[in-house]
1. If we count every other residue with Cβ under 13 angstrom of residue 214's Cβ, Lys/Arg +1 and Asp/Glu -1, where does the sum land?
2. With all protein chains present, how much of the accessible area of segment 146-239 (probe radius 1.4 Å) comes from carbon and sulfur, to the nearest whole percent?
3. Could you give the length gained by full extension between residue 223 and residue 71, i.e. 0.36 nm per residue of separation minus their alpha carbon distance, to one decimal place?
4. Does segment 146-239 come out rounded, prolate or oblate, given a ≥ b ≥ c as the square roots of the eigenvalues of its C-alpha gyration tensor, rounded meaning a/c under 1.5 and, failing that, prolate meaning a/b above b/c?
5. Show the residues, 5+ positions off or on another chain, whose built amide H is closer than 5 Å to the amide H of residue 30.
6. Run the numbers for residue 215 and residue 143: contour at 0.36 nm per residue of separation, minus the present Cα-Cα distance, in nm.
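The values are calculated or read from the model by the stated rules, or taken from the named source; none is laboratory data. Quick caveat: nothing in here was measured; it's all calculated off a predicted structure. Cβ coordinates were reconstructed from backbone atoms using ideal geometry, including for glycine residues, and neighbour counts include every protein chain displayed. Heads up: the accessible areas ignore ligands, DNA and RNA and are worked out on the full protein's heavy atoms, side chains in. Shrake-Rupley method; radii C 1.70, N 1.55, O 1.52, S 1.80 Å.
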Amino acid sequence: MKILMVEDNKSVSEMMQMFFKKEGWDAHFAYDGEEAVAVFNESPDDWDMITLDLNLPKMDGMQVSAEIRKVSPTVPIIMLTARDSESDQVLGLEMGADDYVTKPFSPITLIARIKALDRRAKIGGKVAEHEPVPSAAVNEEEKFDIDTGKFQLNSKTREAFLNGKQINDLTPKEFDLLRTLAQKPRQVFSREQLLQLVWDYEYYGDERTVDAHIKKLRQKIEKVGPQIIQTVWGVGYKFDDTGADKS
């Protein structure tokens with residue numbers, strides 16, 4: 001794995017370098033936001049994982065995440081933050097991070113989070129970017145994992161279509177959320193269930209993680225068609241495309 005760690009505290013970087021080496025990972029370190037964006041943009045396809053501190057000189061982690069997402073909607077990002085407020089963590093997720101770890105953190109915990117996110121991201125390999133395709137261009141013989149007639153999903157290519165139009169720029173967690181919900185249409189999943197099914201480890205009741213990802217997922221779905229992720233108030237979320245007829 002090739003990791004870009006963006007961290008202005010060199011003591012933290014040096015500590016993590018030892019753990020990365022033990023795992024056999026190739027790590028590069030950037031010490032401010034502008035350097036991080038420049039390093040990433042030199043070879044955006046080379047990175048398997050980014051760990052991103054929130055408090056950085058020159059450009060903060062939120063801005064860096066937004067700039068990275070302009071180039072790559074799929075590279076996994078874990079945000080590291082000393083802030084323990086709900087608003088900062090949710091904002092980080094909404095700006096494109098897939099996960100967050102609050103400082104001070106255990107190196108073992110960060111390694112476990114990286115492995116879990118990498119494992120999810122590599123199901124089906126890296127995603128190639130595509131333009132939306134018209135309904136007639138969708139191969140009827142394509143072996144989709146899920147095909148409701150209105151919605152299709154392919155786990156190998158990590159592509160999802162609604163009424164023949166591709167839902168673009170899904171992050172690894174957004175795709176996994178969509179697949180988990182769509183595998184059982186109209187079944188209601190609680191936030192706790194989604195945390196267990198989509199995130200490979202316990203979040204200990206951190207339900208705002210699910211809400212932030214659902215919000216971004218819905219925004220991307222609405223770019224191509226009707227909303228298919230429904231809220232069941234007081235319970236959780238469900239996939240329901242019964243009203244997603246072509247306009």
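1. Net charge around residue 214: +2.
2. For segment 146-239, the apolar C and S fraction of the accessible surface comes to 46 percent.
3. Value of the extension gain: 52.8 nm.
4. prolate
5. Here the answer is 5, 6, 7, since their amide H atoms fall under 5 Å of that of residue 30.
6. Extending this stretch completely gives an extra 23.0 nm.
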